[in-house]
1. Can you tell me, using C-alpha contacts under 8 Å and at least 6 residues apart, the relative contact order of region 82-210 as a whole percent?
2. Can you list the equivalent-ellipsoid semi-axes of region 79-214, largest first and in whole Å, using the square root of 5 times each Cα gyration tensor eigenvalue?
3. Taking other Cβ within 10 Å of each residue's Cβ, how do MET210, MET116 sort, fewest first?
4. Measuring from a point 7 Å past the Cα of ASP185 along Cα-to-C-beta, which residues in region 125-166 have an amide N at less than 19 Å?
5. Enumerate the residues in region 91-121 having an amide nitrogen under 20 Å from the point lying 7 Å beyond the Cα of ALA151 toward its Cβ.
6. What ranking, highest mean first, results for peptides 131-139, 94-102 when packing means the other Cβ atoms within 10 Å averaged over each residue?
7. When a footprinting reagent is the concern and you count Cβ atoms within 10 Å, what order do ARG80, ARG159 take, fewest first?
Amino acid sequence: MPTPARPAFRLATAAAASALLLTLAACAPEQPAPTEPVAEPSSEPTPSPEPSETTPEPSPEPELVFTMPADCTVILPADRVGTLEAQGLTLLGGPGSLYGDEYFGDQTPEQLIGGMSCVWGQEGVDLSTILFSVAPLNAVSRESTINELVAQGYVPFEREDSSLAFGVLGEEGIGPAIYNLITDDAWFSVLNSLGGQTGFDESVLFTEEMRGVAYGAIE
């Protein structure tokens, strides 16, 4: 009995179909590899980086150095000298004054340690006079000056800048107002014949002005 040919046909057909699929696969266009998205150009300008602000280091405060005034004409600020002259006061005693150091019968405590004293006032009017004094100090003379003031009954007051103040209010028309200021290397004092609160307040102001001139803080 003859062998049926159908299975061979099926095998041939399957082989032909497989060959066709392989041929089609080989002829199919190759798919492109995915690419990274390209950024669209921006119409906005690119901001420039701002320079970083650097804070400059603060300069150290210059150290104030005490300088002994040359004479009584420069012991106070120029504006204060003009004010005293406008009040009818004259520089009567001390270096550079009308009568010089001969005005004083005895040397003042400041003069005894190398300082100077200056008197402004109306000639012949005792209650018009103001005595300004300044003297350099070292460690020894500073200690002895403080001890002497305390022995006279002054009570020291330590200020914020470590200087020491000694004062007497006085009584207007009777006793003078007195103010002493002692720094590390200088002694400033004012004796105001006016006395009382007004005279004392003036004395404090005058002393601070003398100090400012001597340390170069004011002119």
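Nothing in this text is a laboratory measurement; each read-out follows from the coordinates by a stated rule. All figures in this text were calculated on a predicted structure; none of them were measured in a lab. Neighbour counts are summed over all protein chains in view; Cβ atoms, including those assigned to glycine, are modelled from backbone coordinates with ideal geometry.
1. Here the relative contact order equals 19 percent.
2. Square roots of five times the eigenvalues give 23, 17, 14 Å.
3. Final ranking by Cβ density, sparse to dense: MET116, MET210.
4. Answer for region 125-166: 134-146, 161-164.
5. Answer for this model: 106-115.
6. Sorting 131-139, 94-102 by mean packing, highest first, produces 131-139, 94-102.
7. ARG159, ARG80
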